[in-house]
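To start, the structure under review is shown below, and the notes come after it.
The values are calculated or read from the model by the stated rules, or taken from the named source; none is laboratory data. Everything quoted here is computed from the prediction, not taken from an experiment. Virtual Cβ from ideal backbone geometry, glycine too; neighbours counted across all protein chains shown. Each accessible area value is taken on the protein alone, full model and side chains, heavy atoms only, with ligands, DNA and RNA left out. Shrake-Rupley method; radii C 1.70, N 1.55, O 1.52, S 1.80 Å.
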Amino acid sequence: MDMSEETHLEPMLYFGYGSNLDNADWAKWCHRRGRNPDGLKELGPAWIDGYYLTFDYYSGSRECGAANLKWLAPGRAATPGALFEIDKETLEALDRKEGHPNPKYYQREIVTAYTADGQAHQAYTYIHYANEDNFYPTSNEYEGFIRNGLERLDLTSDWLDSALNNVLKAKFDLVFVYGTLMEGMSRHNEMEDDCKKVCKGTVQGELYHLGGYPGLIPGEGVVHGEVYRATDMFQVIQRLDWIEGAGGENPLFNRVIQQVDTEDGKVWAYTYHYANSVNSFERILSGNWR
């Protein structure tokens, strides 16, 4: 997404997916240049949809490949990282570190980052637009900055491993359902052809009775549902977007990425949040549509 130099988000947020997941490396860079590293305040794990991690940029200062993002499509790629709150001075420092606005280096862009509660946040990130498809192996140190950051944030390293091998094998193939798409419910047949039930799960939020179906919104409660794995998530979300009325100018639901708690641990999956006011609807206090 293009943006003018005068446009600034409020509050200012930044999505980091590479070396900035390592606070010590960030602080080291700042101290060498007389800058204050404290303005980069980590808020927690986050994902952006539709992009995959790649090492198609060569960093002269590090003398190795550096992490970059490449657009593919929702349902076919997603990238984990961290969401940070930043101030104006830190944004200027990030610009300097990433080489923005020189097109030879990284360009500052605005992306949508999803936090564990499924809320969407507009955030800055940096992307290099290469003219050719290249692959530059990275160093063990640089790989460690990313891998250790992902482990600390309890995020998968599948996308990192795919990028290191220059093969797009990682998949974002889970979807969390909590209403009529669940097993035994009226629209479960929509899940039967291309999806396999993995387990039960819960997400943070509040559930409302919208008539013949429920709606999930961000909140402090717990909502119960089921996790499914899609054989072709790109095709599945086209169908689910239509069912849920997602997309367009006046969506009924918004497709988001949210953290799901399961018996086997935490996973991240697509789910759908109700996009309108719930003031006239009754909350389902149990968080369970059944």
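Residues are listed down the side, and each one gets a yes or a no for (1) in contact with a Gly (Cβ under 6 Å, 6 or more places away or on another chain); (2) open to solvent by 30 Å² or more (accessible area, probe 1.4 Å); (3) small (G, A, S); (4) touching a residue at least 60 places away in the same chain (Cβ under 8 Å):
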{"site": "A24", "(1), (2), (3), (4)": "no, yes, yes, no"}
{"site": "T79", "(1), (2), (3), (4)": "no, no, no, yes"}
{"site": "D87", "(1), (2), (3), (4)": "yes, yes, no, yes"}
{"site": "K104", "(1), (2), (3), (4)": "no, yes, no, no"}
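When segment 137-152 is filtered for residues that are outside any helix (DSSP H, G or I) and surrounded by fewer than 17 Cβ atoms within 10 Å (Cβ to Cβ), the ones remaining, listed by number, are P137, S139. When you scan segment 257-265, do you find a residue that is of a type in the set (V, I, T) and either free of Cβ contacts under 8 Å to residues at least 24 places away in the same chain or part of a helix (DSSP H, G or I) (or both), even just one? Within segment 257-265, none of the residues are of a type in the set (V, I, T) and either free of Cβ contacts under 8 Å to residues at least 24 places away in the same chain or part of a helix (DSSP H, G or I) (or both).
Exactly one residue out of G184, G245, G219 is open to solvent by less than 20 Å² (accessible area, probe 1.4 Å), modelled with pLDDT of 95 or more and among the small types (G, A, S): that is G219.
Among the residues making up segment 113-123, those that are in contact with a Phe, Trp or Tyr (Cβ under 9 Å, 6 or more places away or on another chain) and over 21 Å from A163 (Cβ atoms) are T115, A116, A120, H121. A residue that is among the aromatic types (F, W, Y), open to solvent by less than 20 Å² (accessible area, probe 1.4 Å) and assigned to a helix (DSSP H, G or I) cannot be found anywhere in segment 119-135.
Before we move on, is G179 buried (at least 19 other Cβ atoms within 10 Å of the Cβ), in contact with a Pro (Cβ under 9 Å, 6 or more places away or on another chain) and not in a strand (DSSP E or B)? Criteria met by G179. Exactly one residue out of L94, L9, L53 is touching a residue at least 24 places away in the same chain (Cβ under 8 Å), assigned to a loop (DSSP other than H, G, I, E, B) and of a type in the set (A, V, I, L, M), and it is L9.
Considering only segment 153-176, state which residues are part of a helix (DSSP H, G or I) and among the charged types (D, E, K, R). Matches in segment 153-176: D158, D161.
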